[in-house]
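To start, the structure itself, in structure tokens.
Derivation of every value follows stated rules applied to the coordinates shown; laboratory data play no part. Bear in mind the structure is a predicted one, so any value in this text is a computation, not a measurement. Don't worry about glycine lacking a Cβ; one is built from the backbone with ideal geometry, like all the others, and counts go over all protein chains shown.
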Amino acid sequence: MRSDTFGITVENISVTYSNAHLALYNASCYVQPGTITGLVGPNGGGKSTLFKTIMGFVNPNQGRVHVDGLSVKMAQKRQLMAYVPQADDVDWNFPVSVADVVMMGRYGYMNMLRIPSREDRRQVSESLERVGMTDFAHRQIGELSGGQKKRAFLARAMAQNSRVILLDEPFTGVDVKTEKRIVNLLLQLRDEGHTILVSTHDLASISTFCDRTILLNRTVLAQGTTADTFTEENLSMTFGGLPLSSLPQPRSLPQWHHE
Amino acid sequence: MNNLVPVFGFLGPLWQWLMEPLQAGFMIKAIWVSAFVGVVCAVLSCYITLKGWSLMGDAVSHAVVPGVVVAYALGLPFAVGAFTFGFGATVIIGYVKSQTRLKEDAVIGVIFTGFFAFGLVLATKIPSNVDLFHILFGNVLGISQSDIIQTLIAGGATLAIILFRRKDLLLFCFDPNHAKAIGLNTQLMYYTLLSVLALTIVTALQTAGIVLVVAMLVTPGATAYLLTDRFDHMLAISVATSVISCVLGTYFSYHLDVSTGGSIVVLMTILFALAMFFAPKYGILVQKLRRQMPQVPTV
């Protein structure tokens, strides 16, 4: 068996949206199992589109995606893929509690009526504990700080217990302390054998926790171990020749949080 | 004993006000039918307000008109025609949206008015005893036995589907991407929610009429949404305000000799306004106070 039947294989993907905007062309990349892989590129460079294609939310005009050798649909049916959405994609006024959200990670294991079993409840409380959100389990999700919101959705992905976890911009709008905390959780999950793909435009943190890096601007420009890929030359190619200092650094923004 | 009379003296007239209409068989029917419709609409309205499908509700309700006319002309149950055309309109809306560059609200606006206009043309041309006024504004006081049966079947089916799929539908409203990520068929859920919407409109057609049915599909859920952060509480509040409005509205309609659908929706709107101003957490009043006195706790 070839080793690349595991992990995520993206073959020659092109995506054109209905407004004729070409978001991605001929993008091919490979996410090695048991690693944390950073997906890096400028805003509008197709990171979200590639994520949505891997998750099957967007159908590519050409190309294929395989997850552990299976089609995306099959992989999802087998609970192989978890997704942590961007904060902007969530309706924070929705009348659900943190515990409700984390329980949604277990739906794929339940019967038609989605009545939680003892195991489901155990997984939910364990996930909440691991992200340090047990005390907030019954809060409505809109009442959380930016960092707590991220941790709640990370807990959902953990409760889902899937081999592959995709996180879309997990560090936007969180303070340095929360970022460290999330990174530590990701490292733990990797060591437990999960495959993790993180999209981010926060370049500063990439080399601290990403084993591998994929550079993306409309197509995959470079990929490999972070040490090999994360070079000044590759980065300036990806970000259009701009000097690194001119890039947005979200970490330097003032942070808002309350505990 | 006697000194209690002035205190509870109002109870006598109130009792009479409540009991007198029940002498008439049609009123008993009208009251329990509208209470039933109130429950069905209230349950669905929680999903519709959270999904942001109010305009879709308006569209489906107008699109059923040609279906009702055709069904009467062919001697079919009105519910069959109404459901077919209501659901059909949503399928066409989905198709047109996917094939053109138009935004959804424009597509909905074009399709539902087209269906409605077609219904008007049919209703004025096809000789039948369809009373257009009853389709538009409801006629629960004169509801026939067969219409009650159809209302019960459509409403019962709605409640059964929602009860059976309630968690998946809620997940679909909240986070369709996650629903997809765990392998659920979101396309199927989209059409399930649409067909339940069409069924609910069929249920409420006789009580509120197509013009006001959207109020019954949105207002109870919107009122409840302002009052709570928990979905199960939202369901309970929605059903309570809806049933109170439907039953009292039918009474007012009898006593004041006014439109039934109209008085039901007026009551619902009054309850909504009360919630909007006086809700303990999201009410306008509390938010004003909070702004002026920062020491008022926020949770």
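Descriptive notes on the structure:
- Just so you know, in region A:101-125 the residues that are within 11 Å of another protein chain (Cβ to nearest Cβ) and touching a residue at least 24 places away in the same chain (Cβ under 8 Å) include one that is farthest from A:PHE153 (Cα to Cα), and it is A:TYR109.
- Some residue of region B:102-109 being crowded, with 16+ Cβ neighbours inside 10 Å, of a type in the set (Asp, Glu), touching a helix residue (DSSP H, G or I) at 6+ places or on another chain (Cβ under 6 Å) and assigned to a helix (DSSP H, G or I): no
- B:ALA215 being free of Cβ contacts under 8 Å to residues at least 60 places away in the same chain, buried (at least 22 other Cβ atoms within 10 Å of the Cβ) and within 30 Å of B:ILE28 (Cα to Cα): yes
- For B:THR158, the test of being under 20 Å from B:SER245 (Cα atoms) and touching a helix residue (DSSP H, G or I) at 6+ places or on another chain (Cβ under 7 Å) is failed.
- Within region A:49-60, residues that are more than 12 Å from A:ASP168 (Cβ to Cβ) have Cβ atoms under 6 Å from residues that are buried (at least 21 other Cβ atoms within 10 Å of the Cβ) and among the hydroxyl-bearing types (Ser, Thr, Tyr) in these pairs: A:PRO60/A:THR53, counting only partners at least 6 apart in sequence or on another chain.
- Boolean, A:VAL98 is within 14 Å of chain B (Cβ to nearest Cβ), farther than 25 Å from A:VAL67 by Cβ and surrounded by 23 or more Cβ atoms within 10 Å (Cβ to Cβ): yes
- Here A:LEU128 meets the list (1) more than 12 Å from chain B (Cβ to nearest Cβ); (2) closer than 19 Å to A:HIS194 by Cβ; (3) in contact with a Lys or Arg (Cβ under 7 Å, 6 or more places away or on another chain) almost entirely, failing just condition (3).
- Selection status of B:ILE149, among the aliphatic types (A, V, I, L, M), in contact with a helix residue (DSSP H, G or I) (Cβ under 8 Å, 6 or more places away or on another chain) and in a helix (DSSP H, G or I): no
- Scanning region B:173-196 for residues that are within 23 Å of B:ALA79 (Cβ to Cβ) and either assigned to a loop (DSSP other than H, G, I, E, B) or within 9 Å of the chain's Cα centre (by Cα) (or both) turns up nothing.
- Of the listed requirements (1) within 11 Å of another protein chain (Cβ to nearest Cβ); (2) crowded, with 18+ Cβ neighbours inside 10 Å; (3) under 30 Å from A:LYS73 (Cα atoms), B:PRO176 misses just one: (2).
- Filter result for A:ALA75 (hydrophobic (A, V, I, L, M, F, W, C), touching a residue at least 60 places away in the same chain (Cβ under 8 Å), touching an Asp or Glu at 6+ places or on another chain (Cβ under 9 Å) and crowded, with 21+ Cβ neighbours inside 10 Å): yes
- Residue within region B:196-211 that is among the aliphatic types (A, V, I, L, M), within 27 Å of B:PHE277 (Cβ to Cβ) and surrounded by fewer than 24 Cβ atoms within 10 Å (Cβ to Cβ) present: yes
- Number of the condition not met by A:VAL220 [criteria: (1) in contact with a Cys (Cβ under 8 Å, 6 or more places away or on another chain); (2) surrounded by fewer than 21 Cβ atoms within 10 Å (Cβ to Cβ)]: (2)
For every residue, the table says whether it meets (1) of a type in the set (A, V, I, L, M); (2) within 11 Å of another protein chain (Cβ to nearest Cβ); (3) without any contact (Cβ under 8 Å) to a residue 60 or more places away in the chain.
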{"site": "B:LEU159", "(1), (2), (3)": "yes, no, no"}
{"site": "B:LEU163", "(1), (2), (3)": "yes, yes, yes"}
{"site": "B:ARG166", "(1), (2), (3)": "no, yes, yes"}
{"site": "B:LEU169", "(1), (2), (3)": "yes, yes, no"}
{"site": "B:LEU188", "(1), (2), (3)": "yes, no, yes"}
{"site": "B:LEU199", "(1), (2), (3)": "yes, no, no"}
{"site": "B:ALA224", "(1), (2), (3)": "yes, yes, no"}
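- Scan of region A:163-185 for residues that are closer than 11 Å to A:ILE196 by Cβ and either within 14 Å of chain B (Cβ to nearest Cβ) or over 16 Å from the mean Cα position of the chain (by Cα) (or both), ordered by number: A:ARG163, A:VAL164, A:ILE165, A:LEU166, A:LEU167
- Scanning region B:123-140 for residues that are closer than 30 Å to B:SER263 by Cβ and without any contact (Cβ under 8 Å) to a residue 60 or more places away in the chain yields a count of 7.
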